[in-house]
Each structure stands twice: as structure tokens, then as C-alpha cells.
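Inspection log for the structure reproduced underneath, given as C-alpha cells.
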Amino acid sequence: MTICRRLSALAAALALFAPPARAQRAASPLPAIDSASLWNTLGALSADSMQGRRMGTAGNAAARTLLVQRLTRAGLVPLAPGFVQSFAVTGRDTTVKQGVNVLAMVRGADTSRALVISAHYDHLGVRDGQVFNGTDDNASGTAAVLAIAEFYARHPPLHTMLFAFWDGEESGLRGARAFVAAPPLPLARVAALVNLDMVARLDKNELYAAGASPYPFFRPLLEATAAVSPVKLLLGHDTDDQGKSNNWINQSDQGAFHAVGVPFVYFGVEDHPDYHRATDDFGRVDAARYIAAVRTIADFVRRLDQSLDATVPARPVK
Ligand SMILES: [Zn+2]
């Protein structure tokens with residue numbers, strides 16, 4: 001957002017999410033995302049070679065190359081030439097930087113409205129010689145959205161899904177704002193946004209979903225998701241009741257969509273001691289909890305897709 005448990009944990013996670021026997025399948029209704037690939041992607045995006053993925057840097061471009069290669073291999077439809085939407089960002093010192101979103105699509109049986117599933121892939125870069133790897137913020141959401149995109153490429157959804165990887169979030173939601181300013185499809189056809197930002201550090205096994213206060217029609221779906229989730233899925237952080245800083249609506253890319261009236265659900269964890277520090281590293285992530293969080297989010301996406309017409313009203317866009 002703006003403003004290791006090592007190999008044993010990995011082995012446990014992989015065993016936990018190995019293809020279930022027939023008898024277990026009914027008891028484990030969560031979507032079968034590729035958890036080993038998810039974990040490997042998190043490690044790759046967190047590597048020092050990505051140099052903290054700051055907008056306009058070679059490390060940021062390397063992360064983008066990884067995304068484009070994987071989306072191409074999975075057979076997703078580019079929403080822009082080469083999957084990329086470029087936009088200019090003028091800094092306070094009037095220098096102009098180029099930001100680049102990565103945008104892909106899987107067509108649904110019903111193409112009248114679309115879901116946008118998103119995460120920002122940029123982070124803070126290198127400061128005073130230290131690489132800010134940004135594993136939780138937001139390699140975690142980026143790897144998750146990629147895994148969900150690859151899942152839906154294999155299992156086409158009912159409704160068209162757009163998968164968006166935003167650049168420039170750390171500079172003020174720049175990529176999401178650029179998308180909203182020049183959307184590849186009319187925003188009235190975007191039924192809802194599901195945004196992920198910081199979904200790896202479930203230090204208390206808690207994951208938050210924000211959005212049900214301004215958009216209460218999401219609440220039953222979120223409660224149904226929470227009921228079968230292996231993590232504690234909590235609703236909140238979408239009002240000023242606990243003070244403005246605890247209202248996350250404008251603290252990540254969903255703010256750009258909320259501003260034009262697109263309903264959203266945002267998934268993320270509360271701040272932790274490594275937030276926006278050079279210690280936000282891969283080695284501090286509990287693999288089993290991260291994978292469980294991503295499967296929970298994928299379960300919500302599936303429920304939303306399957307019940308979209310009964311859940312989310314069509315609307316005029318501001
Ligand atoms: Zn973030």
C-alpha cells in the first residue's frame with residue numbers, strides 16, 4: 001500500500017494443497033490454483049534482481065517481462081498491444097516518467113459485464129544501497145493475480161475477467177488512475193473490482209476484506225467465503241469509524257475505481273513491522289498461510305463470477 005519460514009513450511013504447504021483424493025475434494029471447495037507456481041512467482045518477484053520494482057527502473061521492467069511472458073504462455077488475451085498500457089507521470093520537479101500497466105483478459109460466456117482483478121507490481125526500489133524487495137507489498141498480490149489469471153485461462157469464467165497489474169501505485173495510484181482515465185472498455189461494463197495489496201503476511205492468520213460498507217451487496221458473498229476459509233477473513237477498514245488512517249478505501253488502487261463509482265472489494269493485511277522497510281522479504285512469509293489467503297481470494301472471485309447478476313446491480317457511472 002502507499003503511504004522464513006523456510007523449506008519445512010513450503011513442504012507442508014505443498015502437501016496441504018496437493019491434488020486431493022476424491023474423498024477429500026468435496027471437503028475442500030476452494031479453487032485449485034497452482035500453489036507451487038504461486039510460491040515460486042512470489043520468490044521471483046521478491047528477488048534482488050528485481051531491484052524493488054520502482055516505476056521507471058530496469059527492475060520494474062524485469063517484473064513486467066515476467067508477467068507478460070507468463071500471460072502469453074497461459075494464452076490470455078492482451079487488452080493492449082503487448083499487454084501493456086503506458087502512461088506519463090510528471091514528478092514534482094517536472095521530470096516525466098513512464099509508467100506501464102499490464103492488462104490481460106479471459107473472455108467469459110457472458111461478455112456484457114466484466115470483473116477486474118488487480119494488484120500493483122511496483123514498489124519502492126533501492127534506497128541508500130538497500131533493495132526494498134516488497135514481498136508483501138506487493139509481490140504477494142501480483143503473484144496471486146497471476147495465479148488466478150492462469151487458473152481462469154484453464155477454467156473459463158461465466159463473466160469476462162480483466163487481470164490488471166498496476167504500475168505507479170506507490171507514487172499515488174497512478175496506474176489505476178490512468179486505467180480509469182482511458183479504460184479499454186467502458187467503465188459502465190466493469191461490474192466490480194477485486195484488488196489485492198499485501199496478502200502474504202498473515203502473522204495473526206488474519207486477512208481483511210474492505211468494501212462491504214460502501215457496497216453492502218458484497219457482504220453475503222464475503223461471509224460465505226469466510227465460512228469455508230482456512231484463514232480468518234475479517235470485514236472492515238472501509239469507514240472512518242476507527243479514524244481516517246484505518247479507512248483503506250483510498251490507500252490502494254481501489255480508490256481510483258471507487259472515485260468513479262465502480263464497486264470494489266479490497267483484500268489485504270494490517271501493517272506489520274516490515275511494511276515499507278527493506279526487511280519486507282520473501283524469507284518472512286509463511287507459505288501455508290499465504291497460499292491459503294490466495295485460495296480464499298480465488299474462492300471469493302469464483303463466487304462473485306457465479307452470482308454476479310444477482311449480486312452487483314448495473315449502474316450509471318459518475
Ligand atoms: Zn501496496
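On full extension, the segment bounded by T95 and F217 gains 39.6 nm, given 0.36 nm per residue less the C-alpha separation.
Modelled label positions at L234 and A58, each set 7 Å beyond Cα in the direction of Cβ, lie 4.3 nm from each other.
Can you classify segment 68-205 as rounded, prolate or oblate using the Cα gyration tensor, where a ≥ b ≥ c are the square roots of its eigenvalues, rounded means a/c under 1.5, and otherwise it's prolate if a/b beats b/c and oblate if not? Kindly include the intermediate steps, with their values, before the conclusion.
Numbers: a/c = 1.94, a/b = 1.34, b/c = 1.45.
Judged from the Cα gyration tensor, segment 68-205 comes out oblate (a/c at least 1.5, b/c at or above a/b).
The modelled label-to-label distance between A188 and R303, using points 7 Å beyond Cα along the C-beta direction, is 3.0 nm. Heavy-atom accessible area with a 1.4 Å probe sorts E223, E170, E270, largest first, into E223, E270, E170. Counting every C-alpha pair in the chain, the share spaced more than 29 angstrom apart comes to 29%.
With r as the distance between the Cβ atoms of L158 and D241 and R0 = 35 Å, compute the FRET efficiency 1/(1 + (r/R0)^6) and round to 0.05. Walk me through the numbers before you get to the answer.
Values: r = 35 Å, r/R0 = 1.00.
It comes to 0.50.
Rounded to the nearest whole Å², what accessible area per residue is found for segment 177-233 with the 1.4 Å probe? Intermediate results must be reported in sequence, preceding the final value.
Values: 2060 Å² over 57 residues.
That works out to 36 Å² per residue.
Taking all protein chains in place and a 1.4 Å probe, what share, in percent, of the accessible surface of the chain do carbon and sulfur account for?
Result for the chain: 54 percent of the exposed heavy-atom area is carbon or sulfur.
Considering every alpha-carbon pair of segment 257-318, the percent of pairs per 5 Å bin, from zero through the bin containing the longest distance, is 4, 12, 16, 18, 16, 12, 11, 8, 4, 0.
The residue list P157, F132, V89 was ranked by how far each Cα lies along the charge dipole of the chain toward its positive end, using unit charges on Cβ atoms, and P157 comes out on top.
Taken over segment 141-258, the convex hull of the Cα atoms encloses 137 Å³ per residue. Using every pair of distinct Cα positions in segment 74-130, the Kirkwood expression returns a hydrodynamic radius of 14.4 angstrom. Looking at segment 74-153, the accessible area is 36 square angstrom per residue; that uses a 1.4 Å probe and ignores ligands, DNA and RNA.
Against the criterion of solvent-accessible heavy-atom surface with a 1.4 angstrom probe, R70, R289 sort, most first, into R289, R70.
Largest to smallest in accessible area, the residues H276, H120 fall in the order H276, H120 (1.4 Å probe, all protein chains included). Stretching N250 away from A227 to a fully extended chain increases their span by 5.5 nm, per 0.36 nm per residue minus the current alpha-carbon distance.
The values are calculated or read from the model by the stated rules, or taken from the named source; none is laboratory data. From a predicted model like this one, the values you see are computed outputs, not experimental measurements. For neighbour counting, all protein chains shown are included, and Cβ atoms are generated from backbone atoms with ideal geometry for every residue, glycine included. For the accessible areas, the whole protein counts, side chains as well, though only heavy atoms, and no ligand, DNA or RNA atoms are used. Shrake-Rupley method; radii C 1.70, N 1.55, O 1.52, S 1.80 Å.
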